[in-house]
1. Suppose the filter is of a type in the set (Lys, Arg), surrounded by fewer than 24 Cβ atoms within 10 Å (Cβ to Cβ) and closer than 13 Å to LEU238 by Cα; does ARG201 pass it?
2. If you take the residues of segment 248-307 that are within 15 Å of VAL230 (Cα to Cα) and aromatic (Phe, Trp, Tyr), which of them is nearest to the chain's Cα centre (by Cα)?
3. Would a scan of segment 240-249 turn up a residue that is touching an Asp or Glu at 6+ places or on another chain (Cβ under 7 Å) and either in a helix (DSSP H, G or I) or of a type in the set (S, T, N, Q) (or both)?
4. Taking segment 297-314 on its own, how many of its residues are under 28 Å from TYR198 (Cα atoms) and buried (at least 20 other Cβ atoms within 10 Å of the Cβ)?
5. Out of all the residues in segment 38-65, which are more than 20 Å from ARG115 (Cα to Cα) and of a type in the set (Ser, Thr, Tyr)?
6. Can you find even one residue in segment 237-248 that is in contact with a helix residue (DSSP H, G or I) (Cβ under 8 Å, 6 or more places away or on another chain), closer than 22 Å to ILE78 by Cβ and not hydrophobic (A, V, I, L, M, F, W, C)?
7. Could you check segment 13-57 and list, in sequence order, the residues that are among the aliphatic types (A, V, I, L, M), closer than 17 Å to SER88 by Cα and free of Cβ contacts under 8 Å to residues at least 60 places away in the same chain?
8. Using beta carbons and a limit of 6 Å, which pairs, at least six apart or on different chains, have the first residue in segment 220-248 and under 11 Å from TYR296 (Cβ atoms) and the second one in a helix (DSSP H, G or I) and modelled with pLDDT of 95 or more?
Amino acid sequence: MDSINRMAIELVDEAIDFAEELRVVPHELESGATVLDFGVDSPGGIEAGMLLAEIQTAGLSTVQSRMDDVAGAPTPYIELQTDHPALSLLGSQKAGWELTFEDPPYDGLGSGPARALVAEEDEFHAMEYFDEFDLTVLAVESIDLPGDRIAAHVAEQTGVEPSAVFLPSYATGSTVGSVTGAARAAELACFRLFELGYDVRNVQSAFGSAPVAPVSYDESVAMARTNDAVAYGGEVHLTVAEDFEEFDAVPSSAGEEYGTPFEQIFDDAGWDFYEVPETIFAPAKVTVDVVDGPTYVHGEKSEELLADSFDYRS
């Protein structure tokens, strides 16, 4: 497998080349690092969100949109398919890099192939994958654009020069935030399998779909809606090489919190993302096709809850 950072850089170059059409704004920092505003101060859009989802998965996925419905209301959906689920979803797309600093304060969450240059998370040890490249990409989810301090931190951790750091950035409360959130259905299914002890290298392909949550500039509402979109509207199909006794524990309906809107779940947890039970971070419905074996179907969607979360009115 070629460097996933190299593959992601090619897509970043595409975003820079078509920045005006995508409504993305590149900024070069004093350090030479590049920030691409996908949805903090810039408007971004559906196409920008789909391209960023491809960047987050290091170009190892196909991302497309379609029109479907939620409780009878026409609603855009995002579909993501990959034949490299472990590496593209857990080794790249997963938001596993916390960016929290004080004086001055900064709070963000990083995803993308830069994580594979550090490779300290358990997933990389399980996959036995460590990337090497002289350029790197970390997608930053935050209400504030990252500056030189964030770029220097990423450079130090990944072992590249600050000028070799590319930071596509967006707020949860943006069109790109809603699109990239919907693109995470398959990733969350694979992460649940990993947490349950399944060897994710046995997942041969993954196909995920979820509705695009209506944008709210209130980050708390946006965070609740984008998580509801997957937990109550996300569907995933996995093709796997080995059977497993706990496939029924993968969908969000396996958790005790299922049926509770994320706004209430987050409120009960004091809006501390890390205090929320992991079981609810999963797609609503999962089909697992075991090659030359059974096909399991688990979970259920809750479109009524979604319509309430999305504030649909008639």
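1. yes
2. Ranking the candidates gives PHE281 first.
3. So far as segment 240-249 goes, no, none of its residues is touching an Asp or Glu at 6+ places or on another chain (Cβ under 7 Å) and either in a helix (DSSP H, G or I) or of a type in the set (S, T, N, Q) (or both).
4. Of the residues in that region, 3 qualify.
5. Those that are more than 20 Å from ARG115 (Cα to Cα) and of a type in the set (Ser, Thr, Tyr): SER42, THR62, SER65.
6. No.
7. LEU51, the sole residue that qualifies.
8. VAL240/ASN202
The values are calculated or read from the model by the stated rules, or taken from the named source; none is laboratory data. This structure is a prediction, so every number in the text was calculated from the model and none was measured. Counting neighbours? That spans all protein chains shown, and the Cβs are built from the backbone with ideal geometry, glycine included.
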